[in-house]
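Presented below is the structure to which this report refers.
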Amino acid sequence: MEQRHLGRTGLRVSRIGLGTLTWGRDTDEHDAAEQLKVFWEAGGTLVDTADVYGDGEAEYLLGQLMDGLVPRRDLVISTKAGSVPDPDRRFDGSRGHLLAALDASLARLGTDYVDLWHIHAFDPDTPLEETLQALDLAVSSGRARYAGVSNFCGWQLAKAATWQLAVPGIRTRIASTQMEYSLLQRGVEREVLPAALDLGVGVLPSSPLGRGVLTGKYRQSTPADSRGASEHMAPFVAPYLDDTASSIVDALQTAADGLSATPLQVALAWVRDRPGVVAPIVGARNAQQLTAALSVEALSLPDEICRALDDVSAPVHRYPDHDWSTL
């Protein structure tokens, strides 16, 4: 699998990442082991998790598999901290919470360091400089090799990345931002992508298959074994089961038919090769699904197909994104 630099850093990662959102909950140890082995054998290196995935079980399971299935040195482990199960405060970006969460993640993963550590989301109740200091401490102590953010909007990302570049002292460059990005969710193109490109921050798209909808599996009905039929995952999929999404999926199917490919392959190739994107993070239910996603390695979309998909899925961005005199 092709390797790409993560933003303006020396870290190289596979251009498809393996997500573990469902590990330890919907994905058991056997299926997780098969996925990790298939991913590693295909040349994949970037494995993404978080301290809240499966209430910590995803990290623990990954740590168990690294112990005997795949060498730790062959993987780029990315995890996140900052989300908390508190209805009154969904995110905690305080220095104390973040560093304690990182130590707990390392214990579950069974490793002395993570290659990439993300702040899971922006915390409006904590000064940003305090949150960013946690990144500096994590890297300077050797507990994390690189640092990034996740779910930061454009101004938040720009402020964080600029602070790390401009403030005197030893600061840790923001290497990456993890954001939802797909043909069904192009909101990051408004401000996040331009900021990331300008500041040398690599983009790691989550849900690159539109929460599974871009595979085409929901065109006629909701499969019984799909996330859309799962009690706890159905609300996650539901927003993309509307008429707008349906028209995009129909266009995607037409493009796939013309390329003798699958909608999954075309949707994943589209987001993988967008400007600023380093590696889409793919979550699969089993090794068979993951193998289908990894088969995109050999596919590059013709320019005319990209333009057609751009047009059919284009979000409505007006002022100030477009010159005001043209409105």
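The values are calculated or read from the model by the stated rules, or taken from the named source; none is laboratory data. Worth saying up front: this structure is predicted, and the values here are computed from it rather than measured. All Cβ positions, glycine included, derive from the backbone under ideal geometry; neighbour counts span all protein chains shown. Calculation scope for accessible area: heavy atoms of the full protein, side chains included, ligands and nucleic acids excluded. Shrake-Rupley method; radii C 1.70, N 1.55, O 1.52, S 1.80 Å.
The residue pairs whose first member lies in the stretch 84-104 and is farther than 14 Å from I119 by Cβ, whose second member is open to solvent by less than 60 Å² (accessible area, probe 1.4 Å), and whose beta carbons are closer than 8 Å, counting only pairs six or more residues apart or on different chains, are P85/V52; D86/D92; D103/R143; A104/D51; A104/G56. Just checking, does the stretch 5-17 include any residue being open to solvent by less than 20 Å² (accessible area, probe 1.4 Å) and over 23 Å from L193 (Cα atoms)? Among the residues of the stretch 5-17, not one is open to solvent by less than 20 Å² (accessible area, probe 1.4 Å) and over 23 Å from L193 (Cα atoms), which makes the answer no.
Return a yes/no flag: does the stretch 310-322 have any residue that is among the hydroxyl-bearing types (S, T, Y), assigned to a loop (DSSP other than H, G, I, E, B) and open to solvent by 40 Å² or more (accessible area, probe 1.4 Å). Yes, the stretch 310-322 contains at least one residue that is among the hydroxyl-bearing types (S, T, Y), assigned to a loop (DSSP other than H, G, I, E, B) and open to solvent by 40 Å² or more (accessible area, probe 1.4 Å). For the criterion of being open to solvent by less than 40 Å² (accessible area, probe 1.4 Å) and either in a loop (DSSP other than H, G, I, E, B) or touching a Gly at 6+ places or on another chain (Cβ under 7 Å) (or both), A269 fails.
I'm checking my understanding of the structure. Among residues of the stretch 177-209 that are of a type outside the set (S, T, N, Q) and touching a His at 6+ places or on another chain (Cβ under 8 Å), which one is least open to solvent (accessible area, probe 1.4 Å)? If we take residues in the stretch 177-209 being of a type outside the set (S, T, N, Q) and touching a His at 6+ places or on another chain (Cβ under 8 Å), then G202 is least open to solvent (accessible area, probe 1.4 Å). Checking each residue in the stretch 278-288 for being open to solvent by 60 Å² or more (accessible area, probe 1.4 Å) and assigned to a helix (DSSP H, G or I) picks out only Q288. Against the test of being at pLDDT below 95, surrounded by fewer than 20 Cβ atoms within 10 Å (Cβ to Cβ), within 23 Å of D125 (Cβ to Cβ) and over 20 Å from the mean Cα position of the chain (by Cα), the options D103, D88 yield a single qualifying residue, D88.
Against the numbered list (1) more than 24 Å from G212 (Cβ to Cβ); (2) modelled with pLDDT under 95, Q3 comes up short only at (2). One residue alone among T254, T244 is in a helix (DSSP H, G or I), open to solvent by 60 Å² or more (accessible area, probe 1.4 Å) and modelled with pLDDT under 95, and that residue is T244. Taking the residues in the stretch 213-235 that are in a helix (DSSP H, G or I) and open to solvent by 60 Å² or more (accessible area, probe 1.4 Å) as candidates, determine which candidate is nearest to V266 (Cα to Cα). Filtering first and then ranking leaves R227.
Which of the residues that make up the stretch 259-306 are without any contact (Cβ under 8 Å) to a residue 24 or more places away in the chain and closer than 27 Å to G7 by Cβ? Correct list: A298, D303. Scan the stretch 147-168 and give yes if some residue there is touching a residue at least 40 places away in the same chain (Cβ under 8 Å), more than 18 Å from A121 (Cβ to Cβ) and either crowded, with 18+ Cβ neighbours inside 10 Å or not β-branched (V, I, T) (or both), otherwise no. No, because not a single residue in the stretch 147-168 is touching a residue at least 40 places away in the same chain (Cβ under 8 Å), more than 18 Å from A121 (Cβ to Cβ) and either crowded, with 18+ Cβ neighbours inside 10 Å or not β-branched (V, I, T) (or both). Scanning the stretch 289-306 for residues that are of a type in the set (A, V, I, L, M) and in a helix (DSSP H, G or I) gives L290, A292, A293, L294, V296, A298, I305.
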